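Report on the following structure.
The values are calculated or read from the model by the stated rules, or taken from the named source; none is laboratory data. Values in this document were obtained by computation on a predicted structure and should not be read as measured data. Reconstructed Cβ throughout: ideal geometry from the backbone, glycine too, with neighbour counts over all protein chains shown. Areas reflect the complete protein model, heavy atoms only, side chains present, ligands, DNA and RNA absent. Shrake-Rupley method; radii C 1.70, N 1.55, O 1.52, S 1.80 Å.
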Amino acid sequence: MSIRDIEDIEKLKKINQALISRVERSMDQQRNAFSLFQTAINLENRVRTRTEELRSILRRLEQSNIDLVAAKENAERANLSKTRFLAAASHDILQPLNAAHLSVSALSEVQTCDEGRKLVRQVERSLETMEDLLRTLLDISKLDAGVVEPEISDVALEPLFISLRSDFRPLAAQKGLKLKFRPCNVVVRSDRTMLRRILQNIISNAIRYTRSGGVLVGVRHRADKIRIEVADTGCGIPEEQREAIFEEFHRAPQATEADLAGGGLGLGLSIVRRMTETLGHPIALSSRVGRGTVFHLELLPTETVSIEPRPTSMGPELPRGYGLFGTRVLLVEDDPEVRQAMTALLERWQCSVRAAASTAETLRALGDTAWVPDIVIADQHLQGGDHGSVTISEVRSHLRRDVPALIVTADMTDEVARIAQKIGVELMRKPLKPAELRALLAHLLA
C-alpha cells in the first residue's frame, strides 16, 4: 500500500513520528560511537603521557641509585682513608709523645724538691691524657671503618673479673667507694680483648660518677643468655639523656668538677656502643636520677666450668732488685729526639748505651768485639724501610746467640705482635711507661 492510498491523517502522523524516532536513534548511536572513539583516543594519549612520565621517573630513580652507590663507595673509601691517615698520624704523633714521656721520667729522677716533683707529675698526667685521647680516636675510626675483626673464643668471666678488680680497686679506694665482683663460673663467647675494654669503660664511668656507695659487677642467667650487670650508686641518668650518653664527648650535665677530675673525655661509652655492635652483644641500661644506674650486657654462654679462685693483688708484682747497673744496651731508634731521651733514661739507670738509627749503623756499632750487648731495644719502623725485627735478627746472627731483645713501636696493628712472637722477642707500645720498661728489662735479663 502506497502513502497515497492512506487517507487517515492520524496514521500518517504516527508513521512519520516512528520514522523520525528511528532516525534520531540511529543518529544517537552514531554520536555515541564517535564519542567512545574520541574517549578511547584521549585515554590512549593520557596513558602514553603517563607512561612517558613513569619512564622518566624510573630513569631518574635509576640515576639516583647509581649516584647513591657511588656516594656510598666514596664515603667508604674516605672512611678507610681517614683510618689509614689516623693510623699514620698517630704513629708520627706518638713518637714525640714517647720522647716526652722518657724525658719527663728522666727529669723526675733528678728532682730534689717537692715543687719540682709536683710539676713533673702534672706534665706526666697531661701526656697520659693526650695518649689516651689519641688511642681512643684511632679505635673509634677503626670501628667506624669496619676494619676491626673480632677474634671470637671462649672467655672465662672469673679471671676477667679478677683482673678488672685488681685494676680498679685502688681508684675506688681513693674515692672511698666499695668495688665488688660477684664470683661466677661462666664461660661466654666473645672477643677477650674487646669484652675487657667494654667492661673497663663501663666500670670506669661508674666509679667516676659515683660519689658515695660503690659499684657492683655480677652475672645473671636470662633464658639462654648470660647478662653481665654493672650497677652503681651514682648520680643516675635522666631518661632524655640515655641515648646521648653513647655519643662522642658527651659528659653528664649533673657531673661536678670532682667527677671529671680523673680526666674523663666523654669517649668511653661511644667506644662501648661501637664494640658491642661489632660483637653483637646487646647493651641496655636502667637508671634512677640520684639513685644510680645499671648497665646490662647480654652474651651467649658456652658452658659452665669450675674455676678455682685465685688470690688477688693490687697489681702485677715487679721483680725485686732491677739489677740494671752496667747493663750494655744496644738501642736502635731513628728518631733523634726519642733516641736522645731513651739514651738519657737508660744512662740514668746506670746502663751502658750504644745507639744506632738503622741496621747498617747497628752492625757497625758491633764492630768493637770488646763491647757485646746484653739486650737490644729496637723501634720497628726505621728509616729507609728498615725494620727493627730484621735488625734484631741480624744482630743475633752476627753475635751467634739469641741475645734478649725488645721491639718498641707506635704501630698498633696485630701484624707487629705476630712478628715479635715469631722471632721470640717482647713487644711494647709507644709511648713507653718508664717503670714498665725498667721492669721488663730486668725480667729479660734475669
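Annotations
- Members of segment 334-352 found to be in a helix (DSSP H, G or I), touching a residue at least 40 places away in the same chain (Cβ under 8 Å) and either closer than 17 Å to T409 by Cβ or of a type in the set (A, V, I, L, M, F, W, C) (or both), listed by number: E337, V338, A341, M342, A344, L345
- All conditions but one from (1) of a type outside the set (V, I, T); (2) within 26 Å of the chain's Cα centre (by Cα); (3) at pLDDT 90 or above apply to R208; the one that does not is (3).
- Options A156, A206: the member that is open to solvent by less than 40 Å² (accessible area, probe 1.4 Å), aliphatic (A, V, I, L, M) and under 18 Å from T293 (Cβ atoms): A206
- Which numbered condition L143 fails, given (1) at pLDDT 85 or above; (2) under 30 Å from A75 (Cβ atoms): (1)
- In the set A356, A442, A417, A410, only one residue is within 18 Å of L331 (Cβ to Cβ), among the small types (G, A, S) and at pLDDT 85 or above; that residue is A356.
- Considering (1) open to solvent by 50 Å² or more (accessible area, probe 1.4 Å); (2) at pLDDT 85 or above; (3) assigned to a helix (DSSP H, G or I), the lone condition that L119 does not fulfil carries the number (2).
- Qualifying residues in segment 176-192 (those that are free of Cβ contacts under 8 Å to residues at least 40 places away in the same chain and crowded, with 18+ Cβ neighbours inside 10 Å) - the one farthest from T276 (Cα to Cα): L177
- Within segment 146-167, tally of residues that are in a loop (DSSP other than H, G, I, E, B) and either under 19 Å from Q200 (Cβ atoms) or at pLDDT 70 or above (or both): 4
- Any hit, segment 193-201, residues being surrounded by fewer than 17 Cβ atoms within 10 Å (Cβ to Cβ), without any contact (Cβ under 8 Å) to a residue 60 or more places away in the chain and under 19 Å from A284 (Cα atoms): yes
- Complete set of residues in segment 192-245 that are in contact with a helix residue (DSSP H, G or I) (Cβ under 6 Å, 6 or more places away or on another chain) and part of a strand (DSSP E or B): V215, V230, D232
- When the residues of segment 276-287 are filtered to those that are in a helix (DSSP H, G or I) and more than 11 Å from I202 (Cβ to Cβ), the one that is most open to solvent (accessible area, probe 1.4 Å) is E277.
- Those residues of segment 238-268 which are open to solvent by less than 60 Å² (accessible area, probe 1.4 Å), over 24 Å from the mean Cα position of the chain (by Cα) and at pLDDT 70 or above, in sequence order: P238
- Members of segment 288-304 found to be touching a Pro at 6+ places or on another chain (Cβ under 9 Å), at pLDDT 90 or above and either surrounded by fewer than 20 Cβ atoms within 10 Å (Cβ to Cβ) or of a type in the set (V, I, T) (or both), listed by number: H296, E298
- Against the conditions (1) open to solvent by less than 40 Å² (accessible area, probe 1.4 Å); (2) free of Cβ contacts under 8 Å to residues at least 12 places away in the same chain, A173 satisfies every one except (1).
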